[in-house]
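Participant: Below you'll find the structure I mean.
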């Protein structure tokens, strides 16, 4: 039944009974009631009230409407539910009792036993109030006053986001709560203010404050204090960090983290973030006046920006005032800080990039005077669309200028033109023919040569390459499993003598033969060194794949070089005619086990020169273990380690819904000494986080020796919590 305002008179002194009777679209307001009584022809109408009830009484003399049983009233986005509602048209006042709830347009829900409100629900008083701000967070009190539809002032209030189990009864105590003489919730500014507040943990008061304010839990970002952290390390002593988050506007924010340390004095770190229409930027920095009265600090900045659909540019800025600063204050522990300014473009199958680099080495023997500056480094790669028979033409250009205050300077221009022709045979074999011509031109100064004076001037090379790749997969289905066996071969040729001493080696110093680069035509990573002569590689790949995604695979191979020269360093695995054997075994039958073994075996006696085992086993419900074992022998060609044998493990366990733990360790097997170990526990529920960690390190880094570290952190959720926080 739909009723307009003029039909209300027909219900005078009458009663409508029966479940399911609906009165919708009823126009009720004090202005309309007065207009109808006076016989006005064109009354002014307020926003509509939609309501339904099991029973409705209307008294024309008193101008009251009383609704009983499953009453629902909707006005201006607010929804009121109650057992009984009485509306006085002359006063534009409403009273409701029995299981009263008011749902705001923002989603907040207020429960009460009795309310007296204005007709628009914005003004009034509430008895026995209970407010749900989001899925978990609640405020309860003995009484409250609503003002303007935005402010709710609650007397003798309790605030908590913690759940209480229903089987514990109404007297159960949440993990933590705030009790206050008065609480003011501002729905517009999304804040909760307290007067005479005390924090209780498990019902025990632990902290009092005359005033407290924090964002309500519906706020995604708002200025305020974040969760503090405190602990101790051997480098800075005991410390306490208290972050403050500043929501500058919708596109940018900043976090200030002052840290007090007992041994090194105060530290201030900042994190600035900003989003633009074309990209984003983040800047981390810190500064301190240490125990030697020296100013120290660092910066770690990153930006990425779109210029148009083809081009973008960006930067990375990493610098520290001293080599051990980052490790000392717990930011990170890299070996090199890299600053980079670049622009790059993508169009079709072509790619263009321009870079500038500045490096800061953090190892003890790194010297800024001998560290190179790269300005610029220009790269281009272009590839044509497939032509006749699927052939593809490529063009690669590279320009580099590298300078030092002391040492070798190098300016290089390289160009490589290539052509590739793939072919799939009638038996399923796949063959690819590759031809290329590479020109490298250098202008260098102060290049060291064996038994000769240092060289300065022009040098270069012209290096043709012919290569052929072949593989033939054999597939067989065995029930629900599929087995694939693939023999692979590669042969390549370039003229001998491709690496004259006058060309400095700047970008190809690190090399390791493994299963990944075994079939590469040129196994150097850069352009300063080129693999020359005739070489060939052969190998076999095998795999068994299950219906649920589990698999086991293996690979084994070796390379042959016609020349036995010093192109590759002794112990690299490629310094003889026949290389070392390389391979890989992976076993991953399900999500509970993932095992990979990579190896390099001597071509003389199959003795292991390099072993690397990584394994993950178990689940978080029981225990998840991750392990890594690495073994390099003294003749394995490593430039940083004569011999290295290490074992790393990490164990994680989710003990129950709330508690989890983690333990890890790194062990030097060769020296039978631990390198580091640590343990940590985390408790997290809907309202609270406890995070405790202990770490012990045994290695030394310049002026930093062995260290003991301890971190302790408590987070009371919704009290200004933020996703990213900094600390030692």
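Participant: Name, by its number, the condition in (1) free of Cβ contacts under 8 Å to residues at least 40 places away in the same chain; (2) closer than 30 Å to residue 590 by Cα; (3) surrounded by fewer than 16 Cβ atoms within 10 Å (Cβ to Cβ) that does not hold for residue 497.
Facilitator: (2)
Participant: Which one of these does residue 143 not meet: (1) in the same structural domain as residue 175 (by TED's automatic domain parsing); (2) touching a residue at least 24 places away in the same chain (Cβ under 8 Å)?
Facilitator: (2)
Participant: Are there any pairs with C-beta distances below 8 angstrom linking a residue in region 95-108 that is assigned by TED's automatic domain parsing to the domain that holds residue 81 and touching a residue at least 40 places away in the same chain (Cβ under 8 Å) to a residue that is crowded, with 16+ Cβ neighbours inside 10 Å and not in a loop (DSSP other than H, G, I, E, B), with the two at least 6 apart or on different chains, and if so which?
Facilitator: Short answer, once both residue conditions are applied: 104/78; 104/110; 108/131; 108/132.
Participant: Among the residues of region 186-217, count how many are under 14 Å from residue 151 (Cβ atoms) and out of contact with any strand residue (DSSP E or B) (no Cβ under 7 Å at 6 or more places or on another chain).
Facilitator: Final tally of qualifying residues: 3.
Participant: Right, here's the next one. Please tell me if residue 303 is in a loop (DSSP other than H, G, I, E, B) and touching a residue at least 24 places away in the same chain (Cβ under 8 Å).
Facilitator: Criteria not met by residue 303.
Participant: Going by the structure shown, is residue 53 at pLDDT below 85 and farther than 30 Å from residue 176 by Cα? Let's see the steps before the verdict.
Facilitator: On the way: at pLDDT below 85: no; farther than 30 Å from residue 176 by Cα: yes.
Spelling it out, it is not the case that residue 53 is at pLDDT below 85 and farther than 30 Å from residue 176 by Cα.
Participant: Considering 352, 371, 338, which residue is in contact (Cβ under 8 Å) with a residue 24 or more places away in the chain and assigned to a strand (DSSP E or B)? Before the answer, list the steps.
Facilitator: Working: 371 fails: assigned to a strand (DSSP E or B); 338 fails: in contact (Cβ under 8 Å) with a residue 24 or more places away in the chain.
None of the others qualify; the one that does is 352.
Participant: I would also like to ask the following. Given the criterion surrounded by fewer than 15 Cβ atoms within 10 Å (Cβ to Cβ) and touching a residue at least 60 places away in the same chain (Cβ under 8 Å), identify the matching residue among 478, 483.
Facilitator: Values: 478 fails: touching a residue at least 60 places away in the same chain (Cβ under 8 Å).
Checking each option against the conditions leaves just 483.
Participant: Let me ask you something else. Name the strands (runs of 3 or more DSSP E) wholly inside region 581-677 in which the number of residues that are farther than 30 Å from residue 696 by Cβ and at pLDDT 90 or above is 1 or more.
Facilitator: Output list reads 581-590, 593-601.
Participant: Would it be correct to say that residue 288 is in contact (Cβ under 8 Å) with a residue 24 or more places away in the chain and under 30 Å from residue 419 (Cβ atoms)?
Facilitator: no
Participant: In region 553-568, what residues are part of a loop (DSSP other than H, G, I, E, B) and under 44 Å from the mean Cα position of the chain (by Cα)?
Facilitator: Listed by number, the residues that qualify are 567, 568.
Participant: For region 417-531, which fully contained strands (runs of 3 or more DSSP E) count at least 2 residues that are closer than 19 Å to residue 566 by Cβ?
Facilitator: Details: elements: 430-449, 452-471, 474-478, 481-494.
Because the criterion is at least 2 residues that are closer than 19 Å to residue 566 by Cβ, the strands (runs of 3 or more DSSP E) in region 417-531 that meet it are 430-449, 452-471.
Participant: Another question, if that's okay. Inside region 419-456, can you point out the residues that are closer than 23 Å to residue 405 by Cβ and without any contact (Cβ under 8 Å) to a residue 24 or more places away in the chain? Quick ask: steps written out before the conclusion?
Facilitator: Applying the first criterion (closer than 23 Å to residue 405 by Cβ) to region 419-456 yields 442-449, 453-456.
Matches in region 419-456: 453, 454, 456.
Participant: For the subset of region 524-535 comprising residues that are touching a residue at least 24 places away in the same chain (Cβ under 8 Å) and buried (at least 17 other Cβ atoms within 10 Å of the Cβ), which member is farthest from residue 474 (Cα to Cα)?
Facilitator: Only one residue fits best here, namely 528.
The values are calculated or read from the model by the stated rules, or taken from the named source; none is laboratory data. Bear in mind that the values here come from a model prediction, so they are computed numbers and not experimental data. Here the Cβ is made from the backbone with ideal geometry for all residues, glycine too, and neighbour counts use every protein chain on show.
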